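Reading through the C-alpha cells given below for one structure.
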Amino acid sequence: MAEKYELKTKEVWDGNTAASHALRQAQVDVVAAYPITPSTPIVQNYSSYLADGYVDGEFVMVESEHSAMSACVGASAAGGRVATATSSQGYALMVEVLYQASGMRLPIVMTVVNRALASPLNIHGDHGDLYLGRDAGWIHLIANNPQEAYDMTLCAFKIAEDEDVRLPVTTNQDGFLVSHTAQIVEPLDDETAYKFVGDYKQKNPMLDFDHPVTYGAQTEEEWHFEHKARQHKALMDSPKVIEKVFAEFKELTGREYKLVESHNMEDAEVAIVAMGSNYETAKIAADEARKAGIKAGVVCPRSFRPFPIKEMAETLKNVKAIAALDRNCPMGTIGALHNEVAGAINAFGQNAIITGYIYGLGGRDTTVAHNLEVFKDLAMNAEAGKRVTPLQKFINLRGPELSFFKVGE
Amino acid sequence: MQLYVRWHSRAGQGAVTGAKALAEVMSQQGKYVQAYSVYGAEKRGAPMMAFDKISDEPINDHSKGINPDYILVIDPSLVFNPEILNDTHENTKFIVTTHMSKEELLAMPQAAHLKGKNLFVVDAIKISQEDIGRAMPNTPILAAFIKISEVVSPESFLDTMKVILSKFPQKIIDGNIKAMTRAMEEVK
C-alpha cells in the first residue's frame, strides 16, 4: 500500500509539480516515459514518489518516446491504469503510436507540457506539439495555470476511463509559462483525490486468459471505415462525459470547468479566443479595454478535441468581431483555432467578422498590451461593420510588419 | 498590494529556489504569487534571471516582463552589468552581494550605473561560505530583502524557511538560519 503524502491545503507549485502529484494520487499502475524539457520534472518527480514509496506501480524506463508510448499501449491493453508525460520532439516521435492507442480505445493519460517543434531547436512554449496530435483521436484538455494542470490531470483519468468514452486523453500546459511558474495550488488530499478518480475498471484486458482478445487487428476496405467512424463517434459523444466529470469535480472542490470558458462575455461586442496561459493574460486586457470603452471578452475552449462547436458558437453569438489567437505557425493557412472558430460560427448562421493572429512562437512574450492591441483592431472591425484589418496578423514579431489578406488584396 | 522582484544570478546559485521560497513565504501571508525564471540555454554559470510577482489579487498575467520594485543581485560580478537597471523605476531598491562597502562599490567606475540608486549591500557569498559551508548566496539575499522590504516579520519569515528547508539535514537548516539571521543584521 502506498504511503500517504502530506500536503498543505495551499501549496506553491509549478505546473509540473502539480501534474506529477495528480499522477501520484491517481495511483497509476504503469508509467513509461522518456523525459524531455520542459516536462522532465513530471517524470523525475514521479519516479521519486515511486522510489520513496508513495506509489504502488511500475515505472518503465525506455530508450525513446516511441517506445514510451508503445509500452503505455501494451500496459493499457494488458489491463492497467497507464500514464506518461512528454513535450515537443518527444511528442513528435510518439505520433505514430498515439494513433495506435486511440484506435485500440486505450484510456492512457498523457500530461503534455507544450513546447515548440524544431527546427530551429527551441525549448520554450508554443502549441506546435498540441496541434501535431490534433487528429490523433485523443481528447485534448487545456490547462491555463498550475491549478488547472492539477485539476485537468485528475479529471483526465475519469474521462478517459469512463465506460462511454474509453479514449486516451492529453492534458496540456504551456512550457515554462505554466510548467515552470510556481503559483498557489489547492490540492485534494490523497484519499479524496483517489476516490474522485476511482478504481480502474478493466475492459477486455489481454491478461484475462479466459477471455482472449485481439488488439490492433488489421481491417481493410470491409471494416476500416466503420471502426474509424465508431472511434470518431466516441469522441463526438464524449462532451457529455466531460461535463459530467467537471460537474462532479465542482461538487468536490467548488472549482468549475466548462467546455468553453469565458470572461466578460455577457455583453461583449468583441472577443479574443485563445488557449493556454494567454487566455488569462487576455482577461486583464479585456478589463482594460472596457475602461477604454471597448466591450471586450475572452473565450477559451477547455477541450481542443472534441472541439465544442456548438458551445463555442453559443458563447460568441452576440459579438460583432472575433480574433482567434493561434500559438502555432500554421505554415500555409490562417490557423487551426481560427478555422475551428470560423467553422463553428458559420455552422450556426452567425456572421461575426473573424480574424486570425499568430503569437508566442518559441516562447515569445505576449503581454497585456499586445492583447489590448488586438482588441483595438477588433473594435475597428466592429465599428466598420466589415473587416478592415488584415485576415492574419502576427503579435510581437520583429522586423517589417507581416500580415496576409489586407483588405482590398 | 503588488510587489515585483527580479533576481540576477548565475545558473546554479539558487535564484530559482530563492524566488520559489519567497513565493512560499508570501503565500503563507495570504498573498497570491508567481515565481518563475528566464533561461537561455541551461548552462551552469550562465547569467539568468528569476522573478516574483506578489499581489493581494489572483495573478493572471503570464507575460514575463515586470517593472521590479526590488532587484536582488546574488552574484557579485553581475552588479557591474548595467542591464540590472532594465525596466526599473525611480523607487526600485537594489540589494546586491559584494565584499565591498557601499562607498567602495560606488567608487568603482564599473558601478557608475548604480550612482543615485537606492542601494543596499550584503556579503551573501561570504556569509553563506562561513555559515552554510558553501557559496549558496540565495537564502542570505532573501533574508536581506525581508529586512529591507519589511513585507513580513523576521520571525515568521524564519519560521516559514524552517519548513521549506525541512527536507535537508539539520546541519544545513541550522547553517541557513544562522546565515539568514546574520544577513538581516549585516545588510546596509
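Using alpha-carbon pairs under 8 Å, 6+ residues apart, how would you state the relative contact order of the stretch A:260-404 in percent? Each step should come with its number before you reach the end.
On the way: 285 pairs, mean separation 37.4, N = 145.
Answer for the stretch A:260-404 is 26 percent.
If you find the alpha carbon centre of the stretch B:12-56 and of the stretch A:372-404, how far apart are they in angstrom?
Between the Cα centres of the stretch B:12-56 and the stretch A:372-404 lies a distance of 35 Å.
Given H placed 1.01 Å from N in the peptide plane, which residues other than close sequence neighbours of A:M206 have an amide H under 5 Å from its amide H?
A:A78, A:G79
Of B:H99, A:H124, how do they rank once you tally other Cβ atoms within 10 Å and put the fewest first?
On the way: B:H99 11, A:H124 21.
Lowest count first: B:H99, A:H124.
Applying the Karplus parametrisation 6.51 cos²θ - 1.76 cosθ + 1.60 with θ = phi - 60° to the phi angles of the stretch A:239-245, what ³J(HN,Hα) value in whole Hz is obtained for each residue in order, glycine and proline being reported as x?
Whole-Hz 3J(HN,Hα) from phi for the stretch A:239-245: x, 4, 6, 4, 5, 5, 5.
Scale the Cα Rg of the stretch A:1-85 by the rule-of-thumb value 2.2 N^0.38 Å and send over the ratio, two decimals. Don't skip to the answer; put the middle values down first.
Details: Rg = 12.7 Å, N = 85, 2.2 N^0.38 = 11.9 Å.
For the stretch A:1-85, the normalised Cα radius of gyration comes out at 1.07.
Under the definition of Cα pairs under 8 Å and six or more residues apart, what whole-number percent is the relative contact order of chain A?
15 percent
Around A:N16, with a cut-off of 14 angstrom between Cβ atoms, what is the net charge of the other residues, counting Lys and Arg +1 and Asp and Glu -1? Don't jump to the answer; show the numbers that get you there.
Values: positive: A:R24, A:R115, B:K20; negative: A:E11, A:D14, A:E148, A:D174.
Around A:N16, the charge tally is -1.
Given only helices, namely DSSP H runs of n ≥ 4 each adding -39500 (n - 2.57), what is the per-residue ellipticity at 222 nm of the protein assembly as shown, to the nearest 500 deg cm²/dmol?
-12000 deg cm²/dmol, from helical runs alone.
Most exposed first by the Cβ proxy, i.e. fewest other Cβ within 10 Å, how do A:S48, A:S70, B:S128 rank?
Neighbour counts put them in this order, fewest first: A:S48, A:S70, B:S128.
For the stretch A:324-352 and the stretch B:119-151, compute the distance between their C-alpha centroids and round to whole Å.
Computed from Cα coordinates, the inter-centre distance equals 52 Å.
Rounded to the nearest 10 degrees, what's the angle between the helix A:88-103 long axis and the longest principal axis of chain A, both from Cα atoms, 0 to 90?
70 degrees
As I understand it, the value is the acute angle between the Cα axis of helix A:15-25 and the longest principal axis of the Cα atoms of chain A; what does it come to in degrees, rounded to 10?
30 degrees
Distances over 16 Å make up what percent of all Cα-Cα pairs in the stretch B:73-121?
Above the 16 Å cut-off, the stretch B:73-121 has 27 percent of its Cα pairs.
List the relative contact order of the stretch B:2-186 as a percent without decimals, with contacts defined as Cα pairs under 8 Å and 6+ residues apart.
Taking the mean separation of contacting Cα pairs over the length of the stretch B:2-186, I get 21 percent.
Can you compute the radius of gyration and Dmax for the stretch A:260-404, using only the Cα atoms, both in Å?
Spelled out, the Cα radius of gyration and Dmax of the stretch A:260-404 are 13.6, 39 Å.
Straight-line reach from A:K393: which aspartates and glutamates fall under 20 Å, measuring Cα to Cα and dropping same-chain residues less than 8 apart?
Partners found: A:D126, A:D326, A:E340, A:D365, A:E373, A:D377, A:E383, A:E401, A:E409.
Spin-label point model (7 Å from Cα, Cβ direction): what's the A:K10 to B:A112 distance in nm?
Going by the 7 Å Cα→Cβ label model, 4.7 nm.
Test of understanding: express the Cα radius of gyration of the stretch A:183-250 as a ratio to 2.2 N^0.38 Å, with N the residue count.
Normalised Rg, Cα atoms only: 1.66.
Helix A:146-161 versus the longest principal axis of chain A: what angle, 0 to 90°, nearest 10, using Cα atoms?
60 degrees
Between B:N118 and residues 5 or more places away or on another chain, which pairs have amide H atoms under 5 Å apart, with H built 1.01 Å from N, and which residues are they?
Close amide H contacts, sequence-distant or interchain: B:F94.
Please label the shape of the stretch A:33-161 as rounded, prolate or oblate, based on the square roots a ≥ b ≥ c of the eigenvalues of the alpha-carbon gyration tensor (a/c under 1.5 means rounded; beyond that, a/b larger than b/c means prolate, else oblate).
Rounded.
Diagonalise the Cα gyration tensor of the stretch A:110-217 and give the resulting equivalent ellipsoid semi-axes, square root of 5 times each eigenvalue, largest first, whole Å.
In descending order, the three semi-axes are 29, 21, 10 Å.
Lys and Arg at +1, Asp and Glu at -1: add these up for the other residues within a Cβ distance under 15 Å of A:I345 and post the number.
Counting the neighbours of A:I345, the net charge comes to 0.
Sort largest first and round to whole Å: the equivalent ellipsoid semi-axes of the stretch B:2-186, each the square root of five times a Cα gyration tensor eigenvalue.
Working: eigenvalues 102, 86, 50 Å².
Whole-Å semi-axes of the equivalent ellipsoid: 23, 21, 16.
Report, ordered by chain and residue number, the lysines lying within cross-link reach of B:K162, taken as a straight Cα distance under 24 Å and ignoring same-chain residues fewer than 8 apart.
A:K4, A:K8, A:K10, B:K20, B:K31, B:K53, B:K126, B:K147, B:K171, B:K178
Can you list the HN-Hα couplings for the stretch A:303-320, worked out from phi with the Karplus curve (6.51, -1.76, 1.60; θ = phi - 60°), rounded to whole Hz and with x for Gly and Pro?
Each residue's phi maps through the Karplus curve to give 10, 7, 9, x, 7, x, 4, 5, 5, 5, 4, 4, 5, 9, 5, 9, 7, 9 Hz.
What spacing in nm lies between the two simple spin-label points modelled at A:N351 and A:K386, each 7 Å away from Cα in the Cβ direction?
1.2 nm
Which shape class applies to the protein assembly as shown: rounded if a/c is under 1.5, otherwise prolate when a/b exceeds b/c and oblate if not, where a ≥ b ≥ c are the square roots of the Cα gyration tensor eigenvalues?
The shape class here is oblate.
Read-outs: derived from the displayed coordinates by stated rules, not from any lab. None of these values were measured; they are calculated from a predicted model. Using ideal geometry, Cβ is built from the backbone for each residue, glycine included, and neighbour counts are taken over all protein chains shown.
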